[in-house]
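Take a look at the structure set out below.
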Amino acid sequence: MERRVALKSMAAAMGVMVSLPAWASGWNDSSLGKVKFSKAGQAEILKGVVEAIIPATNTPGAGELGVAIFVQRMVTDCYDKKTQDTFNKGIAGLDVQSNKSFGKSFTEANKNQQLQLLQESEKSTDPETKGFFGLLKNLTIQGYMSSEYVMTNLTHFEFIPARYHGCVPVVKG
């Protein structure tokens, strides 16, 4: 490596390290902005879908923990335009399919009808529908398992694993 390239790289790295704390500390929920849905009613449909995937039992369900917002943020911020379009079409498709099959929207359908629609999406031969459902299911599970409630109450997450016990009697064998 040439000395000039190395010096430029080190200068850039130092600049990033100096500006990173100021940039990162400015993040909060309002600075990230609201979650944007392409059509009205998609927030309710998505909340109903994640609640159907992980329903409330003796623990809160995915809808109650706000997993729908997590899923939409992940799709909006981390996936390309094609995947975002497929995701939005999939949500709209669930509502259309619910109207065709049951004469009511996905959010108005009962739990058994919602599960039937999701199972049909999972077993679909259409690659777009199958891709949509796979993405939705994976993000729902990821969002649920990484939620604060699950991490602290169910998995007993420890920020720093293993404990230090300074005064432990040493037993001679």
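Structural remarks
- Residue ID - surrounded by the fewest Cβ atoms within 10 Å (Cβ to Cβ), chosen from residues in segment 107-116 that are closer than 16 Å to Glu44 by Cβ and not polar (S, T, N, Q): Lys111
- Identity of the residue in segment 70-88, crowded, with 17+ Cβ neighbours inside 10 Å and among the β-branched types (Val, Ile, Thr), that ends up nearest to the chain's Cα centre (by Cα): Val71
- The set of residues from segment 138-148 being part of a helix (DSSP H, G or I) and open to solvent by less than 70 Å² (accessible area, probe 1.4 Å) comprises Leu139, Thr140, Gly143, Tyr144.
- Residues satisfying the stated conditions in segment 117-131, i.e. open to solvent by 80 Å² or more (accessible area, probe 1.4 Å) and either in contact with a Phe, Trp or Tyr (Cβ under 9 Å, 6 or more places away or on another chain) or in a loop (DSSP other than H, G, I, E, B) (or both): Lys123, Thr125
- Output for segment 43-69, where each listed residue is open to solvent by 40 Å² or more (accessible area, probe 1.4 Å), in a helix (DSSP H, G or I) and of a type in the set (D, E, K, R): Glu44, Lys47
- When Ala92 is tested against (1) within 17 Å of Gly134 (Cα to Cα); (2) aliphatic (A, V, I, L, M); (3) within 16 Å of the chain's Cα centre (by Cα), only condition (3) is not met.
- Given (1) within 15 Å of Glu51 (Cα to Cα); (2) assigned to a helix (DSSP H, G or I), index of the condition Phe106 fails: (2)
The values are calculated or read from the model by the stated rules, or taken from the named source; none is laboratory data. Just so it is clear, the model here is predicted, and its values are computed rather than measured. With ideal geometry, Cβ positions are generated from the backbone for all residues, glycine too; neighbour counts draw on all protein chains shown. Please note that ligands, DNA and RNA were not included when accessible areas were found on the heavy atoms of the full protein model with its side chains. Shrake-Rupley method; radii C 1.70, N 1.55, O 1.52, S 1.80 Å.
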